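The values are calculated or read from the model by the stated rules, or taken from the named source; none is laboratory data. Since we're looking at a predicted model, the values are computed, not measured. Counting neighbours? That spans all protein chains shown, and the Cβs are built from the backbone with ideal geometry, glycine included. Protein only, heavy atoms only, side chains kept; ligands, DNA and RNA dropped before computing areas. Shrake-Rupley method; radii C 1.70, N 1.55, O 1.52, S 1.80 Å.
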Amino acid sequence: MDLNQLCTAFGIDRTAAEKAIAEGNQAAERDAPWFVQALMGLGSWIAALVIIAFGGFLLVLVFDMKGGESFGVALCVLGLLFFGPGYFMLRRNSDGIFANQFGTAIAAAGQAMVAVGAGFAADSVVAAALVSIPFCILIAMVLESRTLQAMSTAWTVILGLLALGNLKFEYPLELTALGVAAGVFLTLRPPQRDLAPSAMVLLVLGPIVAILTDFRADFGVNYTFFFAGWGPRAIYGALSAYLFYALWQCTDDRQAQIRIALFALAAVVLSFLLPPGGSAAIALMILAFMLGSHLLALLGILLQIYFLSKYYYDLDLTLLTKSMVLMAAGVIILGLWALMMRTRTAEQAA
Amino acid sequence: MNVKRSNLSDLNTLRRADLVPADRYAEAAYRIRDHEFWSTWALRVLMALGSGHVLGAIIFFFAFNWADMPVFAKFAVLQGGIVITALGALIAGIDRPVGQSLLIAASVLTGVVLAVFGQIYQTGADAYQLFVSWGMLIIPWVLISRNAAHWLVWLIVVFIAIGLYCDQVLIPFKSIENTDAYLILGSFLAVALAAREVAVRLDTTWLVPSWTRYVLVFAGLACFFLVALLYVLDFEATTSLTVLAFLIALGASLAVYRFVLADFGAFAIATGFGGFFLMAVGGRLIAETIGFDSGEFSILASLALLTIWCVAITAGMGRTLIVLRQQFVEARA
């Protein structure tokens, strides 16, 4: 579908659309493909870490502070001194890529320093997470830097999870599953303000926390097929059903709608057969298929490979039961493949 | 007239301009995507996941009963599996995805047979010999299946065989140092990449998908990068040859994917490795000249300089890639 057809189908003013796309393409960072943005994001992370080290050494070596409340307050002040210039550099929205990268790095480092400083001052991870939230909102709502938005959201979410862990919160997988649902909602119904980087962070949050629980058994949840993980499974199952419902709304073809309903049913069943992370990966793959997103497709496949191998290896069941679970999931998936293959062959013949 | 197809990036721009309402965004995205591509993608994913599960179920079923099975039954099961999957591939058709998946399963089972053989008869063979035998035995199937995923399985088997040969023979006998193993593995991947490029030029259509190139470019450069980085961070950890090898591999990748086989994705991967290598070189230079351990001022000055260096490199990478991307697009047009 070209722009003309898109404008006709959705009642968009063609001239306004051409103008918007031409202006959008001038924003170099936004126009860059995802892997270039990821590369630049990684570079910004490294620079931000060096700046944080600079701030830490400045306080320890020059001001002779070695922790405690005064160290925390000083770190907050230093963080604000970094964040302020970074914020204004990005607020000016200059075309200079060096200025943008520098602004991104010092603003990210500044936010992190203020949060960590607050954590030191109050001797609480919760305080660090709470202080990080307004920075995250400010960056997402005012600045145009996608890299900084992703870094800020990720940092805030990580602190939030650490804070919850500190409060002995026992449902990290359920919470992050709700985070994935929020990410799906932001992706399917994006606000006019570009919150795609934050949405992406929320989307990968669930699977990443599920990976971390593999390494952190004390986080509260282990993969045991019968006793844990039902909450996130239910959330991901509902999410998959919702995604198929959204897909169902995109077509008027009755046959196609019946097929989508069958796929939805199968996805819900699979969400209960697979580990929570694997169910999240299924939701990501459905989203990728619906929107035509290569990045989400790649993420979904890689995560699915990881979770399936890890899950079946770790699962506290006899090999025979594992074999039956695998066979059940395999038969459902191959059934869907056969259904889709048949439909496609019929369409091609027609 | 060549009409440009709308993409997700265009749609996002229209959404930000409030020209597409939020509640119709998903529908618009669904309509502009390449239906043929995503339909094929979904079929392949379902096929791979489904057959992987069923194969896993079969393996787990036999694993459950393995200890109680007589030796003859063990080999009968595995070799019967090879015969059934190979025959199944022949019947289903080697050019069809089902046939190709069955042939991949036959290749995997070949490795399992060799492992079980070694386990039962305690042959005393080194692990690399298993992988060498495995890699050699499945070459005909890899060639006749003409499937990129099968080819990747074979590459992984051979990669592990070379790695184990270095680890179990060359390094213990002092023929090479630990770090040289990475150079050998990187060289193997470089040769595989070159072979892939030649094969594509000779109309080997099944190797055309760009991921077959990206996997090799990334993995090959990563092997060279790791040891070169080790040298930059610690001169005594390895030799300067590693840096030379990395620079040759990097230069060749940049030149080939810029001027010969113009491919922005592969070029961006190489640029990324080059950029991060330069960051490390800058860090080392700062450490050697100003130092990170000689007084308060020098530490802070070094960190400040390193920050500017890292930002400059990142910005330089970004600028180069954004500018060159346009040239790649124009060249392709």
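Some points to look at:
- Screening the stretch B:1-55 for residues that are among the polar types (S, T, N, Q) and surrounded by fewer than 18 Cβ atoms within 10 Å (Cβ to Cβ) and picking the one that is nearest to A:Arg193 (Cα to Cα) gives B:Ser9.
- Qualifying positions in the stretch B:181-215 - aromatic (Phe, Trp, Tyr) and under 12 Å from the mean Cα position of the chain (by Cα): B:Trp211, B:Tyr214
- Contact map, the stretch A:321-350: first residue more than 7 Å from chain B (Cβ to nearest Cβ), second residue assigned to a helix (DSSP H, G or I) and open to solvent by less than 50 Å² (accessible area, probe 1.4 Å), Cβ cut-off under 7 Å, separation 6 or more or different chains; pairs are A:Val325/A:Leu273; A:Ala328/A:Leu273; A:Ile332/A:Ala266; A:Ile332/A:Leu270.
- Selection over the stretch B:135-152 of residues that are open to solvent by 40 Å² or more (accessible area, probe 1.4 Å) and in a helix (DSSP H, G or I) gives a count of 9.
- Leading residue by the ranking (nearest to A:Val142 (Cα to Cα)) among those in the stretch A:158-193 that are within 14 Å of chain B (Cβ to nearest Cβ) and surrounded by fewer than 19 Cβ atoms within 10 Å (Cβ to Cβ): A:Arg193
- Total residues in the stretch A:32-49, condition more than 7 Å from chain B (Cβ to nearest Cβ) and modelled with pLDDT under 85: 6
- Filter pass, A:Leu58 being within 17 Å of A:Met151 (Cα to Cα), within 10 Å of chain B (Cβ to nearest Cβ) and surrounded by 15 or more Cβ atoms within 10 Å (Cβ to Cβ): no
- For beta carbons closer than 6 Å, sequence separation of 6+ or different chains, a first residue in the stretch B:27-44 that is at the interface with another protein chain (Cβ under 7 Å from one of its Cβ atoms) and assigned to a helix (DSSP H, G or I) and a second that is open to solvent by 40 Å² or more (accessible area, probe 1.4 Å) and of a type in the set (A, V, I, L, M), the qualifying pairs are B:Arg31/A:Met1; B:Ile32/A:Met1.
- Residue in the stretch A:93-111 that is modelled with pLDDT under 85, at the interface with chain B (Cβ under 7 Å from one of its Cβ atoms) and under 22 Å from A:Val201 (Cβ atoms) present: yes
- In the stretch B:163-179 there is at least one residue that is more than 20 Å from B:Ala125 (Cβ to Cβ) and either of a type in the set (Val, Ile, Thr) or at pLDDT 95 or above (or both).
- Residue count for the stretch B:257-316 under the criterion of being free of Cβ contacts under 8 Å to residues at least 12 places away in the same chain and either within 22 Å of A:Met40 (Cβ to Cβ) or in contact with a strand residue (DSSP E or B) (Cβ under 9 Å, 6 or more places away or on another chain) (or both): the result is 7.
- Take the conditions (1) surrounded by fewer than 16 Cβ atoms within 10 Å (Cβ to Cβ); (2) at pLDDT below 80; (3) not charged (D, E, K, R); A:Tyr312 misses just one of them, which is (1).
- Per the listing B:Asp95, B:Asp68, the residue uniquely farther than 18 Å from A:Gln304 by Cβ and either within 14 Å of chain A (Cβ to nearest Cβ) or hydroxyl-bearing (Ser, Thr, Tyr) (or both) is B:Asp68.
- The lone exception for A:Ile52 - which of (1) in contact (Cβ under 8 Å) with a residue 40 or more places away in the chain; (2) among the β-branched types (Val, Ile, Thr); (3) facing another protein chain (nearest Cβ under 7 Å) it fails: (3)
- Taking the criterion of being over 18 Å from A:Gly55 (Cα atoms) and either open to solvent by less than 70 Å² (accessible area, probe 1.4 Å) or more than 32 Å from the chain's Cα centre (by Cα) (or both), the residues of the stretch B:293-322 that qualify are B:Ala312, B:Ile313, B:Thr314, B:Ala315, B:Gly316, B:Met317, B:Gly318, B:Thr320, B:Leu321, B:Ile322.
- Restricting A:Val180, A:Val125 to residues that are at negative phi, touching a Phe, Trp or Tyr at 6+ places or on another chain (Cβ under 8 Å) and touching a residue at least 40 places away in the same chain (Cβ under 8 Å) narrows the list to A:Val180.
- Test set (1) farther than 20 Å from B:Ala280 by Cβ; (2) more than 9 Å from chain A (Cβ to nearest Cβ); (3) free of Cβ contacts under 8 Å to residues at least 40 places away in the same chain - B:Leu324 fails condition number: (3)
- No other residue among B:Ala89, B:Ala48, B:Ala105, B:Ala63 is of a type in the set (Gly, Ala, Ser), closer than 29 Å to A:Met341 by Cα, in a helix (DSSP H, G or I) and within 9 Å of chain A (Cβ to nearest Cβ) apart from B:Ala48.
- Candidates A:Ala99, A:Ala118, A:Ala154, A:Ala127: the one that is surrounded by 15 or more Cβ atoms within 10 Å (Cβ to Cβ), hydrophobic (A, V, I, L, M, F, W, C) and closer than 21 Å to B:Leu303 by Cα is A:Ala99.
- Subset of the stretch A:130-147 [crowded, with 22+ Cβ neighbours inside 10 Å and not small (Gly, Ala, Ser)]: A:Val131, A:Phe135, A:Cys136, A:Ile139, A:Arg146, A:Thr147
- Members of the stretch B:251-292 found to be under 16 Å from B:Val215 (Cβ atoms) and either surrounded by fewer than 15 Cβ atoms within 10 Å (Cβ to Cβ) or of a type outside the set (A, V, I, L, M) (or both), listed by number: B:Ser253, B:Tyr257, B:Leu261, B:Asp263, B:Gly265, B:Phe267, B:Gly272, B:Phe273
- Scanning the stretch B:292-312 for residues that are of a type outside the set (Asp, Glu) and part of a loop (DSSP other than H, G, I, E, B), we see that the one that is modelled with the lowest pLDDT is B:Ser294.
- The C-beta contact set for the stretch B:198-212 (first residue of a type in the set (A, V, I, L, M), second residue in a loop (DSSP other than H, G, I, E, B), distance under 6 angstrom, 6+ apart or interchain) comprises B:Val200/B:Val208.
- The set of residues from the stretch B:193-209 being under 30 Å from B:Met279 (Cα atoms) and touching a helix residue (DSSP H, G or I) at 6+ places or on another chain (Cβ under 6 Å) comprises just one member, B:Leu193.
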